[in-house]
1. Which one of these does Pro507 not meet: (1) in contact with a Leu (Cβ under 6 Å, 6 or more places away or on another chain); (2) farther than 18 Å from Thr205 by Cβ?
2. One residue is enough: does the range 324-339 have a residue meeting the conditions at pLDDT 85 or above, in contact with a strand residue (DSSP E or B) (Cβ under 9 Å, 6 or more places away or on another chain) and at negative phi?
3. Would you pick out the residues in the range 183-200 that are touching a Phe, Trp or Tyr at 6+ places or on another chain (Cβ under 9 Å) and open to solvent by 10 Å² or more (accessible area, probe 1.4 Å)?
4. Take the residues in the range 230-271 that are modelled with pLDDT of 90 or more and out of contact with any Leu (no Cβ under 8 Å at 6 or more places or on another chain); name whichever of them is farthest from Leu215 (Cα to Cα).
5. Give me a count of the residues in the range 665-694 that are assigned to a loop (DSSP other than H, G, I, E, B), more than 37 Å from the chain's Cα centre (by Cα) and surrounded by fewer than 21 Cβ atoms within 10 Å (Cβ to Cβ).
6. Would you check which residues across the range 629-647 are touching a Ser or Thr at 6+ places or on another chain (Cβ under 7 Å) and either in a loop (DSSP other than H, G, I, E, B) or closer than 11 Å to Tyr610 by Cβ (or both) and list them?
7. For a quick check of your reading of the model, give me the residue pairs whose first member lies in the range 108-126 and is open to solvent by 30 Å² or more (accessible area, probe 1.4 Å) and charged (D, E, K, R), whose second is in a helix (DSSP H, G or I) and modelled with pLDDT under 75, with beta-carbon atoms closer than 6 Å and at least 6 apart or on different chains.
8. When you check Lys443 against the structure, is it open to solvent by less than 20 Å² (accessible area, probe 1.4 Å) and not aliphatic (A, V, I, L, M), yes or no?
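The values are calculated or read from the model by the stated rules, or taken from the named source; none is laboratory data. As the structure is a prediction and not an experimental result, all values here were calculated from the model. As a convention, Cβ positions derive from the backbone with ideal geometry for all residues, glycine included, and neighbour counts pool all protein chains shown. Accessible surface areas use protein heavy atoms only, side chains included; no ligands, DNA or RNA. Shrake-Rupley method; radii C 1.70, N 1.55, O 1.52, S 1.80 Å.
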Amino acid sequence: LYEEWRRIFGIVYGQEPVKAQRDAQALARLYHVTGSTDLKPLLFAVHTYYALFMKLLAAELLSLQQGALLASIAEQLPALSGELLRSRLEELERGTWFEAQGIRNFLEADFFGWYLSAWNLDIEVAIRSVAKALAEYEPATGTLAPEATRDLLKKLYQYLVPKELRHDLGEYYTPDWLAELVLNEVGYGGNPEERLLDPACGSGTFLVLAIRRVLDFAQDSLAWRDRERELVGRILENVVGFDLNPLAVIAARTNYLLALGPLARHLAGKDLPVYLCDSILTPQSQRTQQRPVEHQKDIPVPSAQKEFWIPEELIDKGQVDALCHLLEQCVAGSYQRAEFLARGQRELKWEDPLTVRSLGELYEKVRRLEGEGRNGLWARLIKNAFAPVFRAAVPFDYVAGNPPWVNWESLADEYREATKGLWETYGLFSLKGHAARLGGGKKDVAMLMVYAALDNYLKDGGKLGFVITQTVFKTKGAGDGFRRFRLGQEGAHLKVLSAHDLVELQPFEGASNSTAAVVLEKGLPTEYPIRYTLWRKAKPGRIAVDLSLKEVQERTAMTELSARPVNQAELTSPWLTARPAALAALEKVVGPSAYQAHAGVYTGGLNGVYWLRVIERSPDGFLLVENLHDVGKTKVKKVQALIEPDFVYPLLRGRDVGRWRAQPSAYILVVQDPVKRTGYDESRLKVTYPHTYAYLKQFEQVLRSERRSQVVRDLMEKGAFYSMYAVGEYTFAAYKVMWRRMIGRTDGVVTSQIADAYLGEIVPVCHEVTTFVTFSDRVEANYFCAVLNSAFPSLISLSYSTSKSFGSPHVLEHVAIPRFDRSNPLHRSLSTLSQRAHQLAALGKQGEAELRRVDEEIDRVAARLWGITEEELEEIGRALAELG
């Protein structure tokens with residue numbers, strides 16, 4: 001989406017006027033073509049339509065505040081002739097209409113006025129229909145019930161843009177109840193003297209709710225009654241929003257007006273404090289970037305016209321706003337360079353002689369763009385870009401919001417490069433090399449925004465409350481740097497005050513995100529354990545987005561848990577979350593295991609090539625096989641072929657593995673050298689196994705083009721095109737204890753050689769969605785399986801993992817399973833109990849009752865391994881039932 005806005009920026013400002021107009025006309029036509037396959041320009045046209053609706057709505061609200069002094073703009077427009085309609089809209093789009101009502105910045109840096117240059121009958125008819133629709137609404141709606149009008153804007157956007165497209169773009173409104181929860185948690189009560197910032201304000205949900213709290217506070221306070229004009233001034237100074245999305249900024253400014261209601265009449269000569277800017281890449285961070293010699297004392301503002309260089313001296317003096325107003329006035333008044341500089345010296349009073357040169361170049365550039373017919377919003381664009389500087393001159397008491405959730409790998413290349421230094425400065429890059437490539441480095445930009453906001457905008461002792469992905473608490477590797485809770489090596493400490501786990505509630509309509517909320521205080525170190533509230537639905541069904549916080553609380557069960565690092569020697573390790581009593585008991589269990597786990601075989605995302613169904617075995621020993629062509633996300637062609645049996649193994653998929661049981665349901669072709677860890681040499685296959693090679697050769701192109709895993713691609717570069725990953729000598733061990741990942745509990749089973757109808761006695765191979773530990777001895781394998789299937793490993797896994805990492809190999813880094821000791825009676829007893837459990841599981845329903853008794857006995861014996869008391873075991877059982 002960021003790249004798309006940059007592209008739009010280029011259309012509006014960066015091209016020749018004729019081409020820009022041609023593109024605009026094409027977009028206008030696309031709006032009427034429902035069958036368009038190019039969604040980006042169609043989306044832009046829809047955004048323009050939505051933006052126009054909001055501009056007209058804002059104008060209507062201001063008209064209402066002026067009473068009879070200003071006629072309804074929505075009532076006027078439908079009756080105007082085509083030329084007058086266009087003229088009135090030009091006034092609206094230039095912002096002059098809003099400036100006449102006292103709001104200077106409602107439409108500055110707007111991307112959505114392109115339709116005026118593409119004006120035609122279709123656009124005229126469409127705009128008349130928008131105005132007519134708006135005129136039909138109850139005129140007092142915005143005054144009497146601003147929240148109802150906000151709800152109208154939300155629904156309008158949801159109707160205009162299909163759910164699937166909004167999901168792909170990550171465009172979701174924060175439910176009011178969730179924003180209310182965050183504001184409650186940071187302690188924001190609406191005191192007009194306290195300052196609050198939303199650095200990714202979107203359509204303005206947090207800002208609107210904050211204004212509502214200010215108005216309620218003032219209504220209940222004798223000190224603020226009958227001081228409306230002063231109250232509005234405080235709100236405009238102290239309730240501030242930033243966003244990088246131009247559409248969001250228009251929506252937030254409209255909603256800001258709605259929230260002020262009748263107080264909007266006191267806006268004369270004011271700016272709405274919602275700015276189009278990047279709150280992460282603030283000009284402060286750009287001070288550290290390398291600059292050319294001629295601009296060593298300037299700060300760059302990136303744009304489609306390269307950089308605008310702003311003298312650092314004026315930034316430090318807080319004069320960017322004054323500079324931008326001066327630029328606008330002088331360009332509009334056709335000032336010469338010398339005249340601009342003379343007036344600037346008198347009003348801005350700079351001292352550094354280099355400032356003169358930089359300002360002269362800046363003025364010439366803005367004036368040239370204006371002369372070329374490029375839209376005259378450059379000064380306002382500069383002012384918005386520096387809003388994070390002059391608005392944070394006085395740090396904020398509170399920062400609250402819902403930052404964008406965008407994976408590092410999904411960011412635009414230029415944005416990754418621009419922000420890389422900040423990730424490193426804040427210590428958010430904790431992994432390098434191989435570990436990072438395997439996914440441990442999958443950071444979310446929300447992590448960076450938390451640290452940037454705490455660093456740049458929040459005062460010492462101030463509080464930040466963000467809606468954020470729950471993975472920052474639970475993810476091994478990717479979240480380690482975030483859980484340092486300190487601004488770099490020597491910066492301020494950050495104290496986590498509370499966290500809320502909202503994963504089950506799925507607050508965002510149409511999205512299944514791992515939602516959480518966190519509150520931090522700047523200036524104090526984090527102390528464990530932390531208050532961690534788990535929200536669960538009291539009844540099945542979706543939590544509607546339009547419920548109040550009280551209604552949501554009535555429909556949910558909230559459990560107060562405690563959180564601490566799973567490895568207390570590593571404070572950045574994932575959080576272990578459980579009831580306080582259960583957490584205390586788990587202290588005895590948490591620690592590194594004596595055993596090492598492995599992941600199953602990974603084909604690189606093309607299971608349809610390697611997974612097979614055996615049709616028959618020919619008299620000469622070959623297998624007639626058919627590939628399972630339609631498994632997985634990437635489908636491949638269906639093939640039947642005769643191949644040698646040497647590399648074919650029974651396959652245990654995730655669905656084949658359960659508690660005390662396992663049964664292969666397919667076969668897999670493993671043409672991988674377990675010692676060299678690459679595919680067997682192609683020459684060897686051609687000579688010795690030509691049928692297998694011929695089968696694989698049919699898929700060479702798809703294997704080379706469709707496997708996205710960088711690890712697998714590296715292996716193909718080193719060896720054969722059919723190379724796989726996670727295949728070693730351990731893959732073919734005589735005994736394995738394996739369990740399925742991503743299901744919460746660590747439910748294990750002992751596997752060994754099986755008698756296969758086509759392959760004889762052979763060891764099954766497990767898929768990458770399973771985890772396993774290898775053994776050479778059946779007795780030891782059963783001991784380990786019993787301990788694994790006790791309550792303790794499952795509770796630890798549930799308590800510190802996310803759904804995608806449940807049961808991964810790293811679980812054994814945190815469950816202190818001791819090495820098997822044949823002389824220890826507890827170990828022998830657990831092994832015997834495991835063997836009995838496998839026998840009972842094979843009986844199905846007939847053995848269920850006794851199997852439950854065996855499971856209970858395993859818990860009791862395993863508890864004695866770690867000195868867990870009966871009371872602690874009961875607490876762990878309750879916690880497991882609660883989380884599982």
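1. (2)
2. No, every residue in the range 324-339 fails to be at pLDDT 85 or above, in contact with a strand residue (DSSP E or B) (Cβ under 9 Å, 6 or more places away or on another chain) and at negative phi.
3. In the first step, residues of the range 183-200 are kept if they are touching a Phe, Trp or Tyr at 6+ places or on another chain (Cβ under 9 Å); the result is 183, 186-192, 194-200.
Gly187, Gly189, Asn191, Glu194, Arg195, Ala200, listed by residue number.
4. Among residues in the range 230-271 that are modelled with pLDDT of 90 or more and out of contact with any Leu (no Cβ under 8 Å at 6 or more places or on another chain), the one farthest from Leu215 (Cα to Cα) is Glu237.
5. Start the filter on the range 665-694 by keeping residues that are assigned to a loop (DSSP other than H, G, I, E, B), which leaves 665, 670-671, 674-677, 680-681, 689.
Now narrow it down to the ones that are more than 37 Å from the chain's Cα centre (by Cα): 671, 674-676, 680-681, 689.
This time we only want the ones that are surrounded by fewer than 21 Cβ atoms within 10 Å (Cβ to Cβ), so: 674-676, 681, 689.
Final tally of qualifying residues: 5.
6. In the first step, residues of the range 629-647 are kept if they are touching a Ser or Thr at 6+ places or on another chain (Cβ under 7 Å); the result is 642-644, 647.
Once the filter is applied, which keeps residues that are touching a Ser or Thr at 6+ places or on another chain (Cβ under 7 Å) and either in a loop (DSSP other than H, G, I, E, B) or closer than 11 Å to Tyr610 by Cβ (or both), the range 629-647 yields Glu644, Phe647.
7. Sorted first by the residue in the range 108-126, then by its partner, the list stays empty.
8. Numbers: open to solvent by less than 20 Å² (accessible area, probe 1.4 Å): yes; not aliphatic (A, V, I, L, M): yes.
Spelling it out, Lys443 is indeed open to solvent by less than 20 Å² (accessible area, probe 1.4 Å) and not aliphatic (A, V, I, L, M).
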